[in-house]
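Trainee: I am attaching a structure below and will ask some questions about it afterwards.
The values are calculated or read from the model by the stated rules, or taken from the named source; none is laboratory data. Since the structure is predicted, the reported quantities are computational estimates derived from the model, not experimental observations. Methodologically, a virtual Cβ is constructed for each residue, glycine included, from the backbone with ideal geometry; neighbour enumeration extends over all protein chains shown.
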Ligand SMILES: *Cc1c(COP(=O)(O)O)cnc(C)c1O
């Protein structure tokens with residue numbers, strides 16, 4: 001390799017230390033038989049105390065956790081669930097699994113999260129839940145959403161897959177709604193390879209999801225092989241949970257580092273003018289999962305220009321989520337102008353724990369060149 005060749009900058013990469021390897025090795029060596037749930041129990045306990053919630057259930061994915069949570073709320077055919085048009089499909093898919101319909105609303109111009117006014121306008125007699133997705137670590141306007149939910153008797157749930165480390169007026173993201181779900185996919189701040197978590201303070205909902213998560217077997221059922229209802233199989237393995245335990249012991253370090261990188265980008269890029277980045281309103285903490293830049297229309301900087309500039313630097317850049325309603329599998333919604341238009345001039349920047357100063361510098365310079 002020539003000395004001038006630049007190394008590729010990945011957009012994300014997990015941080016796995018000897019601690020995670022040691023726990024995973026222990027789980028693979030000893031975590032069987034009577035000990036096959038030890039790390040799972042510990043991981044749930046660590047997550048419970050970190051998030052300051054009463055109940056947690058580790059799952060094989062965030063999608064699975066959301067599927068079970070929505071099922072436990074009784075959502076089914078004919079029902080509607082409101083969420084932002086700007087989203088990953090994982091938030092919408094469980095609604096479809098249950099035979100219900102996603103209703104896509106527009107986003108706010110600054111946080112890129114669902115607009116409470118649009119939520120209010122989209123409520124019908126069939127609305128059974130509102131899903132607040134904290135996009136890229138930015139926070140939804142939870143006070144307003146919870147107020148709307150309370151007035152209309154509709155549960156507000158949080159998809160906090162991108163929001164570990166984020167907090168809203170002293171409470172951790174994911175702990176404010178009727179329930180919250182997290183993802184530990186390899187691209188997320190905390191990872192177990194694949195994995196998720198269901199969290200709630202609602203005892204009855206917890207019991208329902210616990211039963212559903214165990215193939216419909218209630219924990220009070222004494223007969224063997226005797227499910228009470230048809231449930232799901234979305235369990236996390238002990239080996240994955242072992243990695244999760246190591247990550248939880250490092251959670252402050254993992255989230256602080258993400259915030260440090262976002263902080264650097266903000267400090268370097270915001271003075272350039274003509275662009276916006278992840279917001280952090282008074283009283284909130286941005287989880288900084290995915291540093292994101294959205295250029296003003298007047299700059300003429302487009303997604304295509306950004307993608308080619310990043311490719312030239314051998315750096316990954318992720319496109320801003322296209323609206324779900326523009327996908328072939330959903331009904332087209334043309335009335336969400338911001339969700340439709342912002343992706344044309346936005347991009348996610350690389351951010352991972354072991355990113356060097358030089359790599360961050362290179363990313364900043366690509367953005368600078370695009371504006372020049
Ligand atoms: C990553 C992600 C998911 C999916 O998580 P899985 O663990 O892959 O199911 C769901 N919602 C959002 C907002 C995500 O970013």
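Trainee: What single numbered condition from (1) closer than 24 Å to residue 162 by Cα; (2) buried (at least 19 other Cβ atoms within 10 Å of the Cβ); (3) out of contact with any strand residue (DSSP E or B) (no Cβ under 9 Å at 6 or more places or on another chain) fails to hold for residue 231?
Mentor: The number of the failed condition is (1).
Trainee: I've got another one for you. Just checking, does the range 199-220 include any residue being touching a strand residue (DSSP E or B) at 6+ places or on another chain (Cβ under 8 Å), within 12 Å of the ligand (Cβ to nearest atom), in a strand (DSSP E or B) and modelled with pLDDT of 95 or more?
Mentor: Looking through the range 199-220, none of the residues is touching a strand residue (DSSP E or B) at 6+ places or on another chain (Cβ under 8 Å), within 12 Å of the ligand (Cβ to nearest atom), in a strand (DSSP E or B) and modelled with pLDDT of 95 or more.
Trainee: Just to confirm my filter: which helices (runs of 4 or more DSSP H) fall fully inside the range 31-123 and include at least 2 residues that are within 14 Å of the ligand (Cβ to nearest atom) and more than 30 Å from residue 275 (Cβ to Cβ)? Spell out how you get there, then give the answer.
Mentor: Working: elements: 38-51, 62-72, 89-97, 116-122.
In the range 31-123, 62-72, 89-97 are the helices (runs of 4 or more DSSP H) which contain 2 or more residues that are within 14 Å of the ligand (Cβ to nearest atom) and more than 30 Å from residue 275 (Cβ to Cβ).
Trainee: Considering each residue of the range 264-279, count those that are in contact (Cβ under 8 Å) with a residue 40 or more places away in the chain, away from the ligand (no atom under 16 Å from the Cβ) and under 23 Å from residue 141 (Cα atoms), and give that number.
Mentor: Residues of the range 264-279 in contact (Cβ under 8 Å) with a residue 40 or more places away in the chain: 264-265, 268-269, 272, 274-276, 278-279.
Those still in the list that are away from the ligand (no atom under 16 Å from the Cβ) too: 264-265, 268-269, 272, 274-276, 279.
Imposing the further condition that a residue be under 23 Å from residue 141 (Cα atoms) reduces the set to 275-276, 279.
Final tally of qualifying residues: 3.
Trainee: Check the range 185-206 and report whether any residue there is more than 30 Å from residue 256 (Cα to Cα) and surrounded by 24 or more Cβ atoms within 10 Å (Cβ to Cβ).
Mentor: No; the residues of the range 185-206 include none that is more than 30 Å from residue 256 (Cα to Cα) and surrounded by 24 or more Cβ atoms within 10 Å (Cβ to Cβ).
Conditions tested, residue by residue: (1) in a helix (DSSP H, G or I); (2) at pLDDT 95 or above.
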{"position": "308", "(1), (2)": "yes, yes"}
{"position": "321", "(1), (2)": "no, yes"}
{"position": "333", "(1), (2)": "no, no"}
{"position": "347", "(1), (2)": "no, yes"}
{"position": "362", "(1), (2)": "yes, yes"}
{"position": "366", "(1), (2)": "yes, yes"}
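Trainee: Could you list all residues from the range 283-299 that are within 26 Å of residue 183 (Cα to Cα) and assigned to a loop (DSSP other than H, G, I, E, B)?
Mentor: Taking the range 283-299 and keeping what is within 26 Å of residue 183 (Cα to Cα), we get 283-294.
Result: 283, 286, 287, 288, 289, 290, 291.
Trainee: Need the failing condition index for residue 276 against (1) under 27 Å from residue 190 (Cα atoms); (2) part of a helix (DSSP H, G or I), just the number.
Mentor: Status for residue 276: all satisfied but (2).
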